[in-house]
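Taken together, the values in this text are just the output of simple stated rules run on the coordinates, not laboratory data. Nothing here was measured: the structure is a model prediction, and the numbers come from that model. Cβ placement follows ideal geometry from the backbone for every residue including glycine, while neighbour counts extend to all protein chains displayed.
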Amino acid sequence: MAYSTITDLTRWVEEEELVALCTRSGDATIESPEVAAVVDEAVAAADAEIDGYLLTRWPGLRDYSPVPEEVNRTSAVIAVYNLYLRRRAVSEDWRRRYEDCRGRLEKAAAGKFSLGLDESGSVAASPENACRTDAGEEDRAYTREKLDKF
């Protein structure tokens, strides 16, 4: 399952701009198969980049539904960036957005940015469903699921 869809990309660029990034055909629309194919390719490239950063830390991420909001947003932004790159028309604004996404991915992979997931790729427990301890050097959260394993 892809982390973002063509609809997600239209939150970042207007439909007409998205179509123009995908094809030079004057009669193409957002529903055109040629547009969908190019968007799918851009999303697949974005998702592969995301996976390169995150799958070692969250191996269950690909199976999670719905896609975590931060991953969805990152996929859509990188996919739009890829479409601009394809046209060799990347503005400084889009380059900065891409670099910001890449920075967050690097931080998430290093454990310095939360995606709201636990290590398996499942939704992390909300504070009211977790027990915390200050034992040892780091603060740890124990969900009911983790405690039941003991």
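Data overview
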read-out	value
Length gained when the stretch residue 1-residue 107 is fully extended (0.36 nm per residue, less Cα-Cα span)	35.8 nm
For residue 117, residues with placed amide H under 5 Å, excluding near neighbours	124
Two-site label geometry, residue 30 and residue 95: point separation in nm, points 7 Å out along Cα→Cβ	2.9
